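Since the structure comes first, as structure tokens, the remarks are kept for the end.
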Amino acid sequence: MGKPLIYEILEKPASSSVIGICSLIWWFIQKRGIGYGDVGLSYEAAVDGGQYWRIITSAFSHISVVHLVFNMSALWSLGVVEQLGQIGLGVEYYLHYTLVLVVLSGLLVLGFYHMMIRRFKVEYFRRVTAVGYSCVVFGWMTILAAKQPSSKLNIFGVLSLPISFAPFESLIFTSIMVPQASFIGHLSGIIVGYSIAWGLVHGMNNYWAITMLGWIALVFVLSLKRTGSMELSFIEIDPVTDPSLPSVGVVANRNGRTLQMDVLPARRVADIV
């Protein structure tokens, strides 16, 4: 018999917490009828629209329950990282570099979109909207493959993959089996994962993690305020008018208020990350 679930949760506190957070967010999304365009990451919204908060919301949001279960199952298996303090990993390492993976993989996704739009003139990538924790999952697969190549990745308790091949096996498998899966998102997680495992991104400690978390929170709140996504009366930011963007106005009538826009946005394409 295996260990009772409560003992495994105590051995993987960070992974268990992330799984709990993502599950609660999924429940909230379902309860409120929130869609990809509300929380997902797209070039049009994040770069053109200044909605930088989407780098964070997109990572922890899942619309499909199957997507949630797949990511959380893989993440649970990767929680073994928290038990490998003897080789320089452990809970603190896991927390520090999860923060790095969330931010850098999101920025790298936007970087790939920018290259496709500006260099190759593929406007499709301007409106592709990505959601999901897969960037981080693929990043941890890669780090574990480099640090502990003898490990196994168990998914759903029935599929066991050698961790040394898991990142690229999973990349190919998901691209074939799930056409909506974001190849760019998964690849970004792998690239950031190798950057951490090979020491190209290093030096994270409690001080830098708290500092980075503080800056993330500040940018998150300010971008929410600036883009009008949340009313924060205690923060005042001068509006910037761009004539190339659609204008939005509120017109009063007898029955209430009517929202008017002079340009309708193009339809978004959802990507599962």
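The values are calculated or read from the model by the stated rules, or taken from the named source; none is laboratory data. All of these numbers come straight from a predicted model, not from anything done at the bench. FYI the Cβ positions are ideal-geometry reconstructions off the backbone, even for glycines, and counts take in every protein chain you see. The protein model used for the area step is the full one, side chains on, heavy atoms only, and it has no ligands, DNA or RNA in it. Shrake-Rupley method; radii C 1.70, N 1.55, O 1.52, S 1.80 Å.
Of all the listed residues (103, 137), the sole one being closer than 23 Å to residue 219 by Cβ and under 17 Å from the mean Cα position of the chain (by Cα) is 103. Annotation: of all residues in segment 7-30 being of a type in the set (Ser, Thr, Tyr) and in contact with a helix residue (DSSP H, G or I) (Cβ under 6 Å, 6 or more places away or on another chain), the one that is most open to solvent (accessible area, probe 1.4 Å) is 16. Residue selection: residue 195 fails the criterion of being open to solvent by less than 10 Å² (accessible area, probe 1.4 Å) and out of contact with any helix residue (DSSP H, G or I) (no Cβ under 7 Å at 6 or more places or on another chain).
Please enumerate the residues belonging to segment 80-96 that are in a helix (DSSP H, G or I) and over 21 Å from residue 171 (Cβ atoms).
Start the filter on segment 80-96 by keeping residues that are in a helix (DSSP H, G or I), which leaves 80-83, 85-87, 91-96.
The answer is 82, 83, 85, 86, 87, 91, 92, 93, 94, 95, 96.
Within segment 31-58, the set of residues being open to solvent by 40 Å² or more (accessible area, probe 1.4 Å), within 19 Å of residue 21 (Cα to Cα) and aromatic (Phe, Trp, Tyr) comprises 36 only. Restricting segment 59-74 to residues that are small (Gly, Ala, Ser) and either surrounded by 20 or more Cβ atoms within 10 Å (Cβ to Cβ) or in a helix (DSSP H, G or I) (or both) leaves a set whose member that is nearest to the chain's Cα centre (by Cα) is 59. Taken over segment 122-140, residues that are surrounded by fewer than 24 Cβ atoms within 10 Å (Cβ to Cβ), touching a helix residue (DSSP H, G or I) at 6+ places or on another chain (Cβ under 6 Å) and in a helix (DSSP H, G or I) amount to 3. Flag set for residue 56, criterion: more than 20 Å from residue 80 (Cβ to Cβ) and part of a helix (DSSP H, G or I).
Go through segment 159-246 and tell me which helices (runs of 4 or more DSSP H), entirely inside it, have 2 or more residues that are at pLDDT 85 or above and within 17 Å of the chain's Cα centre (by Cα). Explain how you work it out, then say what you get.
Details: elements: 166-177, 183-197, 206-226.
Result: 183-197, 206-226.
Right, residue 99: open to solvent by less than 50 Å² (accessible area, probe 1.4 Å), closer than 22 Å to residue 18 by Cβ and not in a helix (DSSP H, G or I) or not? So that I can check it myself, show each step before the final result.
Details: open to solvent by less than 50 Å² (accessible area, probe 1.4 Å): yes; closer than 22 Å to residue 18 by Cβ: yes; not in a helix (DSSP H, G or I): no.
So residue 99 fails the test.
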